[in-house]
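The next block holds one structure in the form of C-alpha cells; read it before the comments.
The values are calculated or read from the model by the stated rules, or taken from the named source; none is laboratory data. What you are looking at is a predicted structure, and each value in this text was computed from that prediction instead of being measured. Backbone-built Cβ (ideal geometry, glycine too); neighbour counts: all protein chains shown. With ligands, DNA and RNA removed, areas are computed over all heavy atoms of the protein, side chains included. Shrake-Rupley method; radii C 1.70, N 1.55, O 1.52, S 1.80 Å.
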Amino acid sequence: MMGDRHDAETFNNLLAAFGMARGKLQLPCVPDLEDYYLQKIMALADLLEKPLTPQQIEELDQKITHELARGFAASQHSQLVISFKPNTTLVERLEIEVTAQIASLEEFYEAALRDNFATDRDQLDNLETSVFGKHANARVLDLLPQLGGPQTTAILDIGAGSGRNALPLARMGYAVEAIELADIFCRQLQQQATQENLPLTVTQGNILDPLLRPQLNYYALAILSELLVHFRDPDQARLALSKAGDAVIKGGLVLFNIFLSRADYQPTIADRQVAQVAQSFFLTPGELDSVINGLPLEIIDQHSVFSYERDRLPAQAWPPSPWFINWSTGRLLFEIEPPPISLQWLLCRRC
Ligand SMILES: C[S@@+](CC[C@H](N)C(=O)[O-])C[C@H]1O[C@@H](n2cnc3c(N)ncnc32)[C@H](O)[C@@H]1O
C-alpha cells in the first residue's frame, strides 16, 4: 500500500548500518562448560543479526578455553566476562572481547553482602544481619552437654563467618576462638565481642595457611560449619581437619559438615567444577575415607544437615537462610531426584 511502508524489514539496511548492540555477559568460570558458553555467544550474535564468522568462532573458542582455565585455576569465584560492541569497520559484525575477572572469596562475600544487605561501606561494617543464619546450629547446641561447663571450656570455630555459632557460644560463657578469612566478618565479630564484652577472640587468617596453627591440644570442641564447602580438593579438607584434630584435647570433638555424593553416583568433571563455583565442594564416600584415614579422628556419627536442623531448630529460625533448603539438599545444583549430593554433619572424636 502506497504511503504505508514502515515495516521494519524495509529498513533492514538502515538498521544494520545504524542500529547498535553493546553489552556484557558474565558467566561463572567453569572450564568444562566451554562448548555451552560458545554456543550461547553464537546464539546471541545470531539474535543480534550479526552472526559470527568461522574465523571468529575459532578465535573465540581458543580465547574462552584459555580464560576459563586461567580464571578457574585462580579462584572458583572468577567470572568469564564477554563484552560485545559494534565493529567500527564492518557493520555486519560484532567485536567481542573475552576475559576472566578474578575474584577472591573475600571479594565474593563483600559483593554478596553489598548486593543483598547493604548499600555502602559504613552500612556493611555495621550489618547486624547474620548471613548464614541467626540461630546457632542445632547440631552444635546438642553437643554442649557433653562438654565441660562454659567457664572452663574452650571452643574453636574455624570459618566463623558472621558468628552464627561463635557469638551465641561466647554469650553462654564459653571461651571461643574464631578463625575467619574474610575481613568484613572479622570486623563484625570483633565489634560485637567488644560491645558485649564477650570471651571471644577473633583471628583473621586462612586455615589452609601453613603458618596458621591454632593452639594445640586445648579445645573441647572444634567446629567447621559450612567451611569445607569452600574448598577445592580433598587435600585441603584433610589439612583443615588435621589442624582441628590437633587443636582439640584427647577425647575432644570435631564437628564438621561437607557435601557427600551418593555411593551410587559417578560425578563428572563438570559436576565437580560447578559444585566448587556454587560453594558446594563435595567428596565421594571413598574420598572422605581417604581424607580421614591416618588422622587421629574417629567418625562417631553422621546426619543429613537439612533433616537435622529442620527437625530441631525453633520454627522462627527455619530455614536459616533463603537459599539453605535448596543448597543443602543439592537441589541448587542438580535437577535430578534424589540429588546426587547433600550436606552432611560428621562428628568425630579425637583418639
Ligand atoms: C558459609 S560460611 C559459614 C560461616 C559459619 N561457620 C556458619 O556456619 O554460619 C563459611 C565461612 O568460612 C570462611 N572461610 C572460607 N575459607 C576459609 C579458610 N580457608 N580459612 C578461614 N575461613 C575460611 C568464609 O570466609 C566464610 O565466612
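I want to confirm something. Restricting to region 178-207 and keeping residues that are more than 9 Å from the ligand (Cβ to nearest atom) and in contact (Cβ under 8 Å) with a residue 40 or more places away in the chain, which single residue is surrounded by the most Cβ atoms within 10 Å (Cβ to Cβ)?
GLN188
Yes or no: region 230-243 includes at least one residue that is more than 12 Å from the ligand (Cβ to nearest atom), open to solvent by less than 10 Å² (accessible area, probe 1.4 Å), modelled with pLDDT of 95 or more and not in a strand (DSSP E or B).
Yes.
Output the residues belonging to region 137-181 that are modelled with pLDDT under 95 and within 28 Å of the chain's Cα centre (by Cα).
If the condition is that a residue be modelled with pLDDT under 95 and within 28 Å of the chain's Cα centre (by Cα), then SER162 is the only one that fits.
Among the numbered criteria (1) farther than 17 Å from GLY23 by Cβ; (2) modelled with pLDDT of 90 or more, which one does ALA43 miss?
(1)
Going by the structure shown, is ALA222 under 14 Å from GLU177 (Cβ atoms) and either in a helix (DSSP H, G or I) or among the charged types (D, E, K, R) (or both)? Show your work before the answer.
Working: under 14 Å from GLU177 (Cβ atoms): yes; either in a helix (DSSP H, G or I) or among the charged types (D, E, K, R) (or both): no.
No: the conditions fail for ALA222.
Is it fair to say GLN266 is without any contact (Cβ under 8 Å) to a residue 60 or more places away in the chain, part of a loop (DSSP other than H, G, I, E, B) and away from the ligand (no atom under 16 Å from the Cβ)? Write out each step before concluding.
Values: without any contact (Cβ under 8 Å) to a residue 60 or more places away in the chain: yes; part of a loop (DSSP other than H, G, I, E, B): yes; away from the ligand (no atom under 16 Å from the Cβ): yes.
Yes.
On the basis of being surrounded by 14 or more Cβ atoms within 10 Å (Cβ to Cβ), among the hydrophobic types (A, V, I, L, M, F, W, C) and within 21 Å of ALA278 (Cα to Cα), does LEU94 make the cut?
Values: surrounded by 14 or more Cβ atoms within 10 Å (Cβ to Cβ): yes; among the hydrophobic types (A, V, I, L, M, F, W, C): yes; within 21 Å of ALA278 (Cα to Cα): no.
No.
Would you check which residues across region 318-351 are small (Gly, Ala, Ser) and surrounded by 16 or more Cβ atoms within 10 Å (Cβ to Cβ) and list them?
First pass over region 318-351, keeping only residues small (Gly, Ala, Ser): 321, 328, 330, 342.
Those that are small (Gly, Ala, Ser) and surrounded by 16 or more Cβ atoms within 10 Å (Cβ to Cβ): SER328, GLY330, SER342.
Write out, first by first residue and then by second, each pair whose Cβ atoms fall under 6 Å of each other, whose residues are 6+ apart or on separate chains, and whose first residue, in region 158-173, is over 25 Å from ASP246 (Cβ atoms) and in a loop (DSSP other than H, G, I, E, B) while the second is within 7 Å of the ligand (Cβ to nearest atom) and not hydroxyl-bearing (Ser, Thr, Tyr).
Cβ pairs passing all conditions: SER162/PHE185.
Condition first: open to solvent by 50 Å² or more (accessible area, probe 1.4 Å), under 17 Å from ARG93 (Cα atoms) and at pLDDT 95 or above. Now tell me which residues in region 18-38 satisfy that.
Hit for region 18-38 is LYS24, nothing else.
Residues in region 312-322: is at least one over 24 Å from ASP142 (Cβ atoms) and outside any loop (DSSP other than H, G, I, E, B)? Give the derivation first.
Step one: of region 312-322, the residues over 24 Å from ASP142 (Cβ atoms) are 322.
Then keep just the ones that are outside any loop (DSSP other than H, G, I, E, B); that gives none.
For region 312-322, residues over 24 Å from ASP142 (Cβ atoms) and outside any loop (DSSP other than H, G, I, E, B): absent.
Does region 101-116 include one or more residues that are out of contact with any Phe, Trp or Tyr (no Cβ under 9 Å at 6 or more places or on another chain), part of a strand (DSSP E or B), open to solvent by 70 Å² or more (accessible area, probe 1.4 Å) and of a type outside the set (D, E, K, R)?
The answer is yes; a qualifying residue exists.
Looking at region 209-229, which of the residues that are of a type in the set (A, V, I, L, M, F, W, C) and touching a Gly at 6+ places or on another chain (Cβ under 7 Å) is nearest to the ligand (Cβ to nearest atom)? Working first, answer last.
Residues of region 209-229 of a type in the set (A, V, I, L, M, F, W, C): 211-212, 216, 220-224, 227-229.
From what's left, touching a Gly at 6+ places or on another chain (Cβ under 7 Å): 212, 220-221, 224, 227.
On the way: LEU212: 8, ALA220: 18, LEU221: 13, LEU224: 7, LEU227: 5 Å.
Among those that are of a type in the set (A, V, I, L, M, F, W, C) and touching a Gly at 6+ places or on another chain (Cβ under 7 Å), it is LEU227.
Does region 164-177 hold any residues that are open to solvent by less than 10 Å² (accessible area, probe 1.4 Å) and within 11 Å of the ligand (Cβ to nearest atom), and which are they?
Correct list: ASN165, ALA166.
Is there a residue being open to solvent by less than 30 Å² (accessible area, probe 1.4 Å), under 22 Å from TYR218 (Cβ atoms) and part of a strand (DSSP E or B) anywhere in region 135-154?
Yes, the conditions are met somewhere in region 135-154.
Scan region 284-303 and tell me whether some residue there is among the hydroxyl-bearing types (Ser, Thr, Tyr), open to solvent by 40 Å² or more (accessible area, probe 1.4 Å), more than 26 Å from LEU27 (Cβ to Cβ) and touching a residue at least 40 places away in the same chain (Cβ under 8 Å).
So in region 284-303, the residues among the hydroxyl-bearing types (Ser, Thr, Tyr) come out as 284, 290.
Restricting the remaining residues to those that are open to solvent by 40 Å² or more (accessible area, probe 1.4 Å) gives 290.
Keeping just the survivors that are more than 26 Å from LEU27 (Cβ to Cβ) gives 290.
In the following step, the residues that additionally are touching a residue at least 40 places away in the same chain (Cβ under 8 Å) were identified as 290.
Yes - at least one qualifying residue is present in region 284-303.
Could you please find all residues in region 74-110 being within 24 Å of PRO51 (Cα to Cα) and aromatic (Phe, Trp, Tyr)?
If the condition is that a residue be within 24 Å of PRO51 (Cα to Cα) and aromatic (Phe, Trp, Tyr), then PHE84 is the only one that fits.
Quick test for you: out of PHE231, PHE259, pick the one residue that is out of contact with any helix residue (DSSP H, G or I) (no Cβ under 6 Å at 6 or more places or on another chain) and touching a residue at least 40 places away in the same chain (Cβ under 8 Å).
Numbers: PHE231 fails: out of contact with any helix residue (DSSP H, G or I) (no Cβ under 6 Å at 6 or more places or on another chain).
Criteria check complete, one pass: PHE259.
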